[in-house]
Amino acid sequence: MKKMGLVLILALLFSLPIAEGAMPADGATMLIRAEYDRQLIPLLTQSYPALTVDDAYQVQKAYIGMKLAGGDKIAGFKGGLTAAGVQKRFGMNAPVTGVLLESGKLTGSPVLERSRYGALMLETEVAFIIGEPIREIVPDIASLRPKIRAVLPSIEVPDLGVTDMKQLKAQDLIACNVSARQFILGQEIDPATFDLAEVRVTLYHNGAAINTGSGSDALGDQWNAALWLVNSMIGQGYAIEPGQVLMTGALGAMLPGKPGHYAADFGSFGKIEFEVR
C-alpha cells in the first residue's frame, strides 16, 4: 500500500473514539497513535487493569494487522524474556513472542538514531533464516533443521520507551509487540557447519567490552529456542515463510544504547559493527 493509503488508515484510526473496555482494537489504536505522534509507549494495564496475557496477544495481533494494512510486511518473529530470571521479574513462567517487521530490518554497518526511540536498547542474538514454508507444528529439532536455510549473528534494537518503566507488566510488553523496533542482521552461515552451542559474543562500546553472552543464554539451547518460537507462532495462527527471520532472545544482558561505536564480536560466527548517535 502506498503512503497515501497509510495516511488514510491513520486518519481513520485517529478519528475513532477509544471506548474503555473495548479490546483488542482500541488497545492497538492507542499504541499506533503513540507511535505516530512519537510519544512514549502507553501501558495498557493502566487503562485496562483486567488485561490478561491472552488479551495482550490479541492486542499485539491487532497492532500487527494495522501495521500490515499500512503497507509494512512481516520479516520474522522474536522471542523475549527467554532467561528464567527475567521471566521471574515479570511473573511469567514462559517466554513471550513478538513479530518483526520489514520496516525495522537493517544490514551492513548502520547508524541508529536515538531520537527515533523512546529508549533505545541493544541485545546480541543468534538468528535463523527460514528456508521452507512452515504451516504446522514442528514435532522436534530434527524436523526443524531442514527448514532452516541459514543461521547468523544479529543485534536486536528494542524500544523500551514506556510511560512508566516501574509499572511495566508482562501484558504491557506483549501488547506492544515485545518492544520490537529494529534489528541488524549479519552474514548468513550454513547451519550444518556451525555448532550454535559454541557461539560466544562480546559487545564492545568505543573499544571497551560491555557485555558477554553465549548461545545457551536463550532457553538453554538455540535449536530448542527456535523450535519453541516456531511452534508458538504457528499456534497463534501465523504462517512462517521462506526468508523470514527467527530471533531467539538475548545473549547476555539487554543494555541501553549510548552514543558511540559498537562492535559485536561473535568470533568465527561473525561480527557486526554499528553506530549509535
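When the Cα positions of 52, 25, 154 are compared along the charge dipole of the chain, 25 comes out farthest toward the positive end, with charges on each C-beta of Lys, Arg, Asp and Glu. When peptides 182-188, 240-246, 171-177 are ranked by their average number of other Cβ atoms within 10 Å per residue, the highest-first order is 171-177, 182-188, 240-246. In plain terms, the chain from residue 132 to residue 277 could stretch by 48.4 nm, reckoned as 0.36 nm per residue minus the Cα-Cα distance. Its DSSP H runs of at least 4 residues, each contributing -39,500 (n - 2.57), put the calculated 222 nm mean residue ellipticity of the chain at -8000 deg cm²/dmol, to the nearest 500.
Reported to the nearest whole Å, the Cα centre-to-centre distance from segment 62-79 to segment 120-134 is 16. Note: segment 74-276, Cα convex hull, 110 Å³ per residue. Annotation: lysines with alpha-carbon distance below 24 angstrom to residue 61 (same-chain offsets under eight excluded): 2, 3, 73, 78, 105, 169.
Quick note: the coordinates plus some simple rules give every number you see, no bench work behind them. Here the structure is a predicted model, which is why all the values come from computation and not from measurement. We place every Cβ from the backbone using ideal geometry, glycine too, and count neighbours over all the protein chains shown.
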